[in-house]
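What follows is calculated from the coordinates using simple rules that are stated; it is not laboratory data. Treat the numbers as computed from the prediction; the structure is a model and nothing was measured. FYI the Cβ positions are ideal-geometry reconstructions off the backbone, even for glycines, and counts take in every protein chain you see.
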Amino acid sequence: MAGTAHDTKIVDQFTRWAQPFADLAVHSDADGMARALAAAAITPDMAVLDVACGPGIVACAAAPLARHITGIDLTPAMIDQAHERQRNAGLDNITWQVGDATHLPFEDGRFDVVLTRYSFHHIPDPGAALREMTRVCRPGGRVVVIDATPTAETQAAYDRMETLRDPSHASALTLDQLRALGPMSGLIEQKIDFYRLEVLLDTLADAENMTALTDLFDTDIASGEDRIGVAARHTADGIHFVFPVSIVAWDRP
């Protein structure tokens, strides 16, 4: 399914990480999930699309709230994990599909809510993804993006860290950059929310990248300046840091 060289990089990375990614407790963080679902404002009559759904964590959390959920992801191994999560949860109102966020295989206006979480930083043209999300959302529906948003001052250092940690990273948008995409797609901003997602570095990177990442974080921690913008610190079990996550919800007029 992957078409571009970057698509291939995404599929390679997330095929290898499908099981660990699905198992990470941090991806089911209760506060972040509650905030995401509140921004989506899902009601029992709604059809919802989860774009770049990964192992189906958000889709399965949203399923009890909606009439039907569709999850789509570029990586077949992630869709396999999503099927397993659905079976384990006993949910019967979700369907899954392999596909590209920038070329969604759905007709215009099909969904009441279209959302995506932790995906825009993987997409070289996030504006194209948002335009597609808007296209398949019905007039009066809601579009929600949840992703890490570094500040303008830390963006370059944050991108260096993320690219080293995850080769499929493209670039993280600042909150202002993310918000600006909405009007370009004809959307009206309705809600902004924030949370900080604390993680342990050892659980989020391949072993071959760990030495370089540890050196990068050690230098940042020693500087006392938080140049990466993730509040990194040493603890007894390793290096902890936080993803500064923003939620932006728009309505399609």
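At 0.36 nm per residue, and after removing the present C-alpha to C-alpha distance, how many nm does the segment from Ala34 to Glu208 gain when stretched out fully?
59.2 nm
From the backbone phi of region 171-178, what are the Karplus-calculated ³J(HN,Hα) couplings (6.51 cos²θ - 1.76 cosθ + 1.60, θ = phi - 60°) in whole Hz, Gly and Pro given as x?
6, 8, 7, 6, 4, 4, 5, 5
Count the DSSP beta bridges whose two residues both fall in region 1-110, then state the antiparallel fraction as a percent rounded to the nearest 5.
If I count the DSSP bridges inside region 1-110, around 10 percent turn out antiparallel.
Excluding His169 itself, calculate the net charge of residues whose Cβ lies under 12 Å from the Cβ of His169, where each Lys or Arg counts +1 and each Asp or Glu counts -1.
Charge balance in the 12 Å sphere: -1.
Residue by residue through region 51-64, which ³J(HN,Hα) values in whole Hz follow from phi under the Karplus form 6.51 cos²θ - 1.76 cosθ + 1.60 (θ = phi - 60°), with glycine and proline marked x?
Values, residue by residue: 8, 6, 6, x, x, x, 5, 5, 4, 5, 5, 7, 4, x Hz.
Sort Met78, Met210 by Cβ crowding within 10 Å, fewest neighbours at the top.
Ranking Met78, Met210 by Cβ neighbours within 10 Å, fewest first, gives Met210, Met78.
By its C-alpha gyration tensor, with a ≥ b ≥ c as the square roots of the eigenvalues, how is region 55-202 shaped: rounded for a/c under 1.5, else prolate for a/b larger than b/c, else oblate?
It comes out oblate by the Cα gyration axes.
Answer rounded, prolate or oblate for region 26-81, using the Cα gyration tensor with square roots of eigenvalues a ≥ b ≥ c: rounded when a/c is under 1.5, else prolate when a/b is larger than b/c, else oblate.
oblate
Amide H to amide H under 5 Å from Gln190: which residues, 5+ apart in sequence or cross-chain, H placed 1.01 Å off N in plane?
Here Ala249, Trp250, Asp251 satisfy the definition.
Applying the Karplus parametrisation 6.51 cos²θ - 1.76 cosθ + 1.60 with θ = phi - 60° to the phi angles of region 155-162, what ³J(HN,Hα) value in whole Hz is obtained for each residue in order, glycine and proline being reported as x?
My calculation for region 155-162 gives 4, 5, 5, 4, 5, 4, 4, 5 Hz in order.
In degrees from 0 to 90, rounded to the nearest 10, what is the angle of the helix 126-135 Cα long axis to the longest principal axis of the chain?
That works out to roughly 20 degrees.
Order these peptides, 51-62, 236-247, 107-118, by their mean beta-carbon neighbour count within 10 angstrom, highest first.
51-62, 107-118, 236-247
Tell me the angle of helix 207-223 to the major Cα principal axis of the chain, expressed in degrees between 0 and 90 and rounded to the nearest ten.
Rounded to the nearest ten degrees, it is 70.
Given Cα pairs under 8 Å that are at least 6 residues apart, what percent is the relative contact order of the chain?
This gives 19 percent for the chain.
Against the longest principal axis of the chain, how steep is helix 76-89, in degrees 0 to 90 to the nearest 10, with axes from Cα atoms?
Here the helix axis deviates by roughly 70 degrees.
Identify which of the listed values of log10 I(q)/I(0) by the Debye sum over Cα atoms at q = 0.11, 0.13, 0.16 Å⁻¹ was calculated from the structure shown: [x] -0.64, -0.75, -1.04; [y] -0.79, -1.00, -1.23; [z] -0.56, -0.79, -1.21.
[z]
So how much slack lies between Asn93 and Glu225, counting 0.36 nm per residue of separation and subtracting their Cα-Cα distance, in nm?
42.7 nm
For region 192-253, which trypsin sites (Lys or Arg not before Pro) are both in a DSSP coil and crowded by at most 11 other Cβ atoms within 10 Å?
Counting only loop positions with at most 11 other Cβ atoms within 10 Å, none of the trypsin sites (Lys or Arg not before Pro) in region 192-253 qualifies.
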